[in-house]
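J.: I'd like to ask you about the structure that follows.
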Amino acid sequence: MRIEQQQLKAFLLDSELVKKDEVDKAEAESKKTGKKIEDILLALGKITEEELARLKAYILGVPFVNLEGEKIDSKVLSIIPEPIAKKHNIVSFRKSGASLEVAMLDPEDLETIEFIKKKSDLKILPRLTNAASIKYVLSQYQKSLEAEFGEIIKNEVSSEALATISETAGLPGTESADLEDLKKAAEDLPIVRIVDTLIRHAILQRSSDIHIEPMEKEVLVRYRIDGILHNAMVLPKQVASGIVARIKVLASLKLDEHRLPQDGRFKIETADYKFSFRVSVLPVFDGEKVVMRLLPESAKGFTLEDLGFHGEALEILYKNIKKPLGMILATGPTGSGKTTTLYTILSLLNQPGVNISTVEDPIEYRMPRVNQTQVRPDIGFTFANGLRSLVRQDPDIIMVGEIRDNETASLAVNAALTGHLVLSTLHTNSAAGSLPRLLDMKVEPFLIASTTDAIIAQRLVRRLCKEREAYKLTDAELKKLGENVNLERVLDFLKKEKIVSPKAVWKDIPFYKPKATQECPDGYSNRLGIHEVLEMTPTIKNLLMQSATSDQIEEQAKKEGMMTMVEDGIMKVIQGFTTIEEVFRVTTE
């Protein structure tokens, strides 16, 4: 199904869609630039996408279909999963018996056709179409969640059933239901389907969290995708308690407890994916709010480079994680990727010759050969108690999920002093801010100075898709940017890491912004870390002993070559990984 360039040229001339001199010019340009003849003609407006698609279909003897305005049956559409459809520009639009008609842009993509054939166990009939048709059909995936819920609620949840669910689930204003009634509500078929559908769509959309929020007259469902919350669905208020009951059953929580917060976990495993879900249920004014964190168990491990570490910061980390004792801290707000960074360091250290033990709240990812312990404050098993027990287990490396109080801080420091490598997290806004924070926890300055090796501060920014727009800042925009970041320092870092030429000046350096495409509707996909790594040098230790402020410590670290988070962010903007807006969104305090 491959069309050679000369074959296409002959048919273009024969069809008289394009004049001969225009085809000759495009061919000459193709030889110079390596671009395809059709791409050049499309860019010049000499031929439309539909005309080109129809011509290719004629050459290949494959029917052309125009799907603009066509409503595709959701069951047929879902035969090809949304991520595959978007990535390969291929959609299924008609099923007849054991045959499936698929519309596509690339007739040479035989691998995808073969994949769909194996997955669906159907005979695949390829059809060519244009980009507008693909875009129109892809938009129907976005509506499929709403359509699916509409079908569930319309066909399976009658008003009588909704009333029964709300009564048995104990909505505000009704009598408390007994345990059997709550179990019945949780096992109600429409409720099971609603929860299953919510979870499936969250996985397909690469969500990290599902928020189910009861309001006065309805239930709002939101997905967190690449760090940003998006409205996914609004459901009738009557199903709220049934959904909560179903999730409680999955997570083995108390069904009849509506006044206290609860936490739990459950797993879902299919042929396509394997996920753990961390569940938090919190009583709010209009009922119970549920947040589910999605943790993919099949995710491949990261390297420090994958996370966004580079240059001197990367060297400092590699140097310090090889030490047999000491303490490495990761800092930042909730959801900034601290735990992922520590897990990545643990995976580098996870060798048969060492004993690694952790005490966490919660255990987010399972790691082979690592002894992971979950804290249970409700029965008195805290970080401090867990850490106290861990040091009796002959560990070489210890990870403490978070240093929250004086007791945990003191135990962590003592463990680092007595021959262990300790990894932990702190909630501070910067690397330098961690040192005064430890002092506030009544840890002696000389103990901090003698145990702490490196402190990482980080945030997560959304990563730009491959399709992005380059632009240059005006003098006024550069001046405004210079008010928030030292451009001279950033330029020195860029030249040092050979990202720009030694003679580069700011007015000639391109920045980037998102470009919406079919694959990336908002121009972003996935996330990347921006970091600062503070090494405990002799001068920093002296400042700590003198009770210096975090600003004084940061200033000294910068003199010694530390790149701040904002500076690291601007470097990643120049590399085309993210945007200025993203960097300042996550770093502005």
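The values are calculated or read from the model by the stated rules, or taken from the named source; none is laboratory data. As the structure is a computational prediction, the values presented were derived from the model and not from experiment. Quick reminder, even Gly has a Cβ in these numbers, built from the backbone with ideal geometry, and neighbours come from all protein chains shown. The area values use the complete protein model at the heavy-atom level, side chains included, leaving out ligands, DNA and RNA. Shrake-Rupley method; radii C 1.70, N 1.55, O 1.52, S 1.80 Å.
J.: Please specify each residue of the stretch 179-218 satisfying the condition of being aliphatic (A, V, I, L, M) and in contact (Cβ under 8 Å) with a residue 60 or more places away in the chain.
T.: Residues satisfying the conditions are Leu179, Leu182, Ala185, Ala186, Ile199, Ala202, Ile203, Leu204, Ile210, Ile212, Met215.
J.: Scanning for something assigned by the TED database to the domain that holds Leu460, in contact (Cβ under 8 Å) with a residue 60 or more places away in the chain and over 20 Å from Arg463 (Cα atoms), does the stretch 517-534 turn up at least one residue?
T.: The answer is yes; a qualifying residue exists.
J.: For the stretch 231-338, which helices (runs of 4 or more DSSP H) that fit wholly inside it have 1 or more residues that are over 28 Å from Thr428 (Cα atoms) and modelled with pLDDT under 90?
T.: Values: elements: 240-250, 304-307, 311-321.
Passing ranges, in order: 240-250.
J.: Identify, by number, the condition in (1) under 30 Å from Val391 (Cα atoms); (2) of a type outside the set (A, V, I, L, M); (3) free of Cβ contacts under 8 Å to residues at least 24 places away in the same chain that Lys254 doesn't meet.
T.: Lys254 satisfies all of (1) under 30 Å from Val391 (Cα atoms); (2) of a type outside the set (A, V, I, L, M); (3) free of Cβ contacts under 8 Å to residues at least 24 places away in the same chain except (1).
J.: Quick one: what pairs do we get from the stretch 342-355, first residue in contact (Cβ under 8 Å) with a residue 60 or more places away in the chain, second of a type outside the set (Lys, Arg) and in a helix (DSSP H, G or I), C-beta under 7 Å, 6+ apart or different chains?
T.: Close Cβ pairs satisfying both conditions: Ile345/Ile321; Leu349/Ile321.
J.: Kindly indicate whether any position in the stretch 98-105 is farther than 19 Å from His201 by Cα, at pLDDT 85 or above, open to solvent by 60 Å² or more (accessible area, probe 1.4 Å) and hydroxyl-bearing (Ser, Thr, Tyr).
T.: No, there is no match, as no residue in the stretch 98-105 is farther than 19 Å from His201 by Cα, at pLDDT 85 or above, open to solvent by 60 Å² or more (accessible area, probe 1.4 Å) and hydroxyl-bearing (Ser, Thr, Tyr).
J.: All but one of (1) surrounded by 15 or more Cβ atoms within 10 Å (Cβ to Cβ); (2) polar (S, T, N, Q); (3) over 22 Å from Phe446 (Cα atoms) hold for Ser389; state the number of the condition that does not hold.
T.: (1)
J.: What helices (runs of 4 or more DSSP H) completely inside the stretch 1-87 contain at least 3 residues that are open to solvent by 60 Å² or more (accessible area, probe 1.4 Å) and among the basic types (Lys, Arg)?
T.: Numbers: elements: 5-15, 20-33, 37-43, 49-60, 74-77.
Those helices (runs of 4 or more DSSP H) span 20-33.
J.: I've got another one for you. Looking at Ser133, Ser92, Ser99, which is the one that is more than 24 Å from Tyr273 (Cα to Cα), without any contact (Cβ under 8 Å) to a residue 40 or more places away in the chain and among the polar types (S, T, N, Q)? Walk me through how you get there before you give the answer.
T.: Values: Ser133 fails: without any contact (Cβ under 8 Å) to a residue 40 or more places away in the chain; Ser92 fails: more than 24 Å from Tyr273 (Cα to Cα).
Just a single option satisfies the conditions, and that option is Ser99.
J.: Do we have any residue at all in the stretch 535-555 that's farther than 26 Å from Lys466 by Cα, part of a loop (DSSP other than H, G, I, E, B), of a type in the set (S, T, N, Q) and under 31 Å from the mean Cα position of the chain (by Cα)?
T.: no
J.: Another question about this same structure. Of the conditions (1) touching a Lys or Arg at 6+ places or on another chain (Cβ under 7 Å); (2) over 22 Å from Lys135 (Cα atoms); (3) loosely packed, with under 13 Cβ neighbours inside 10 Å, Glu108 clears all except one; give me its number.
T.: (2)
J.: May I ask you to list the residues in the stretch 322-339 that are open to solvent by less than 10 Å² (accessible area, probe 1.4 Å) and either within 26 Å of Leu295 (Cβ to Cβ) or without any contact (Cβ under 8 Å) to a residue 40 or more places away in the chain (or both)?
T.: Correct list: Ile328, Leu329, Ala330, Thr331, Gly332, Ser336.
J.: For Ser207, all conditions in the list (1) open to solvent by less than 20 Å² (accessible area, probe 1.4 Å); (2) of a type in the set (Gly, Ala, Ser); (3) within 23 Å of Thr334 (Cα to Cα); (4) not in a loop (DSSP other than H, G, I, E, B) hold save one; what is the number of the exception?
T.: Of the numbered conditions (1) open to solvent by less than 20 Å² (accessible area, probe 1.4 Å); (2) of a type in the set (Gly, Ala, Ser); (3) within 23 Å of Thr334 (Cα to Cα); (4) not in a loop (DSSP other than H, G, I, E, B), the odd one out for Ser207 is (4).
J.: Out of Leu439, Leu491, Leu473, I need the residue that is farther than 20 Å from Glu305 by Cα, surrounded by 13 or more Cβ atoms within 10 Å (Cβ to Cβ) and without any contact (Cβ under 8 Å) to a residue 24 or more places away in the chain. Which one?
T.: Just one listed residue meets the conditions, Leu491.
J.: Of all residues being touching a residue at least 24 places away in the same chain (Cβ under 8 Å), assigned to a helix (DSSP H, G or I) and out of contact with any strand residue (DSSP E or B) (no Cβ under 7 Å at 6 or more places or on another chain) in the stretch 359-391, which is nearest to Phe277 (Cα to Cα)? Just the residue, please.
T.: Here the residue is Ala384.
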